[in-house]
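Notes follow the structure.
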Amino acid sequence: MAEHVIGERRREPRRPGAAHAAATEPQVPGARVIDVLDVSAHGLRCRLAHPVRPGRTMPLRLPGAGVVQAQVVRCEVSRLSRSGVQYDAAWTLDRPWAPE
């Protein structure tokens with residue numbers, strides 16, 4: 001893949017959520033985090049039990065960083081099951097975060 005792609009939305013490479021070894025999950029107001037999918041210094045993508053509205057700026061409590069302001073860049077349905085709906089949501093962070 002080319003080094004620079006026009007319109008690429010990510011600033012840094014992302015690591016899989018399994019590489020995210022924090023003892024506590026990120027906390028999202030109004031939504032339960034099911035799984036961390038991937039992380040980067042300026043971004044986070046999680047699977048949630050509740051939707052979050054794209055374009056919204058919200059405080060996220062991140063392990064090792066405290067509260068960080070983040071903007072929801074997308075939220076989409078990822079799974080439908082008898083137990084409910086799951087959503088994949090991605091945020092861009094206002095300051096760098098060093099995921100552990």
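Each value in this text was obtained by applying a stated rule to the coordinates, not by laboratory testing. No experiment lies behind these values; they were computed from the predicted model shown. Cβ sites come from the backbone with ideal geometry, for glycine too, and all protein chains shown count toward neighbours.
Subtracting the Cα-Cα distance from 0.36 nm times the residue separation, let me have the gained length for Ala41 to Ala98 in nm, one decimal. Could you put the intermediate results ahead of the total?
Details: separation 57, 0.36 × 57 = 20.52 nm, distance 0.57 nm.
Here the segment from Ala41 to Ala98 would lengthen by 20.0 nm.
Given a Förster radius of 25 Å and the C-beta distance between Arg61 and Ser83 as r, what FRET efficiency does 1/(1 + (r/R0)^6) yield to the nearest 0.05?
That gives a FRET efficiency of 0.45.
Restricting to Cα pairs below 8 Å that are 6+ residues apart, what does the relative contact order work out to for the stretch 15-93? Please round to a whole percent. Intermediate results must be reported in sequence, preceding the final value.
Working: 180 pairs, mean separation 22.0, N = 79.
Relative contact order, the stretch 15-93: 28 percent.
Take the Cα pairs of the stretch 15-93, get the Kirkwood Rh, then feed it into Stokes-Einstein at 25 °C and 0.890 mPa s and tell me D in µm²/s.
Working: Rh = 12.6 Å.
Rounded to a whole number, D works out at 195 µm²/s.
Students often get this wrong: which residues of the stretch 68-86 have the backbone nitrogen under 14 Å from the point 7 angstrom along Cα-to-C-beta of Ile34?
The answer is 76-86.
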